[in-house]
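The values are calculated or read from the model by the stated rules, or taken from the named source; none is laboratory data. Note that the coordinates shown come from a computational prediction; the quantities given were computed from them, not determined experimentally. With ideal geometry, Cβ positions are generated from the backbone for all residues, glycine too; neighbour counts draw on all protein chains shown.
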Amino acid sequence: MKQSGSMIQTSQPRLHFVNRLFCTPGETFGPRIICDHQFIYVEKGRGTAEIMGNKYTAEPGSLFYYGPGEPHRFEADGEEPFVLYGLHFSPDSVEGDDSAGSGSQQVTILPADSMDRLHPVPCAEKRLDGIPYCSNPGMWPKPLFEEMVKEYRTGDSYSGIVISCLLLQWKAKLYRWLEAAGPRPFPQKEEAAWIRHQLERHAYETYLPGWLEEWTPYGHDYASRMFRRAYGISPHAYHLQCKLQQAELLLQETDLTVTEISEKLNYGSVHYFSRWFKQQTGEQPTRYRQLKRWI
């Protein structure tokens, strides 16, 4: 077992807070510092990130990490704002206290020009346990973040145990991916990025295998393998994720009926759409809308 594997066995991270955030166009947070550790995972949208003087492009599948006292700032794109997962944690459990959410979330806001005065740290600089400031694992982390948010919001007597298991699973899978990716960032081909962009643009349409040959100079199978290597998911599965995100947004932000949303997303029937949506989210569309609009 490599060193990181032994660390996983002896260190149990502890959750302080986890959430899914829909950013508004141009929304920023920071410059700031926190007193614990945080992962920021970009599910959708684009923008910029700056950590310890290092500047990064943030896009779907990007993962950011920073620790206590490390200044950081994020800014969402004005046209394609972020949908982010934020996970605050400590590397080790607090002995004698195993309830989720009791860790510190203290945030200190810094002057607006403070990032300009920082000396950039080389991108190869590693943080906690070999985790870089920025990496791009693609879409595989999303289900784990979804489950952690769900359990954190459930907050019953079993949630702490479930969250602990999910955190260990996340840590192990992240290290496995980092070791497989090697010391340099995971390569992202321009063709794969273009396919992803087109899939997002065509989220309302029914998926067509011929798209890949239309958008690239390659055959379908080769383009599909290239996309999977870059993002850890097939083009068809990514398109379904994009379609689900649009369905969620339409339910949350519009007054369209479920039938109208089904038609807008090119589903054959509202019954098929409702069954598919429940399989993906665990809730019927109408119930999902009620839960998201409740305050």
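Points worth noting:
- The stretch 149-172 - residue that is among the charged types (D, E, K, R) and more than 19 Å from TYR65 (Cα to Cα) and, of those, surrounded by the fewest Cβ atoms within 10 Å (Cβ to Cβ): ASP156
- Top-ranked residue of the stretch 34-51 - restricted to ones that are among the charged types (D, E, K, R) and part of a strand (DSSP E or B), ranked as nearest to LEU87 (Cα to Cα): GLU43
- Pick from the stretch 222-242, criterion touching a helix residue (DSSP H, G or I) at 6+ places or on another chain (Cβ under 9 Å) and among the charged types (D, E, K, R), ranking: surrounded by the fewest Cβ atoms within 10 Å (Cβ to Cβ): ARG229
- Filtered residues of the stretch 52-66 (kept if at pLDDT 90 or above and not in a strand (DSSP E or B)): GLU59, PRO60, GLY61, SER62
Listed here are the residues, each with its yes/no results for (1) at pLDDT below 75; (2) touching a strand residue (DSSP E or B) at 6+ places or on another chain (Cβ under 8 Å); (3) in the same structural domain as HIS37 (by TED's automatic domain parsing).
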position: ASP116; (1), (2), (3): yes, no, yes
position: PRO120; (1), (2), (3): yes, yes, yes
position: LEU128; (1), (2), (3): yes, yes, yes
position: TYR133; (1), (2), (3): no, yes, yes
position: ASN136; (1), (2), (3): no, yes, yes
position: PRO143; (1), (2), (3): no, no, yes
position: GLU151; (1), (2), (3): no, no, yes
position: SER157; (1), (2), (3): no, no, yes
position: ILE161; (1), (2), (3): no, no, yes
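- Contact map, the stretch 138-159: first residue of a type in the set (A, V, I, L, M), second residue surrounded by fewer than 18 Cβ atoms within 10 Å (Cβ to Cβ) and in a helix (DSSP H, G or I), Cβ cut-off under 7 Å, separation 6 or more or different chains; pairs are LEU144/GLN169.
- Candidates ALA124, ALA112: the one that is in a loop (DSSP other than H, G, I, E, B) and modelled with pLDDT under 75 is ALA124.
- Scope the stretch 127-163; condition farther than 22 Å from THR281 by Cα and among the hydroxyl-bearing types (Ser, Thr, Tyr); matching residues: TYR133, SER135, SER157
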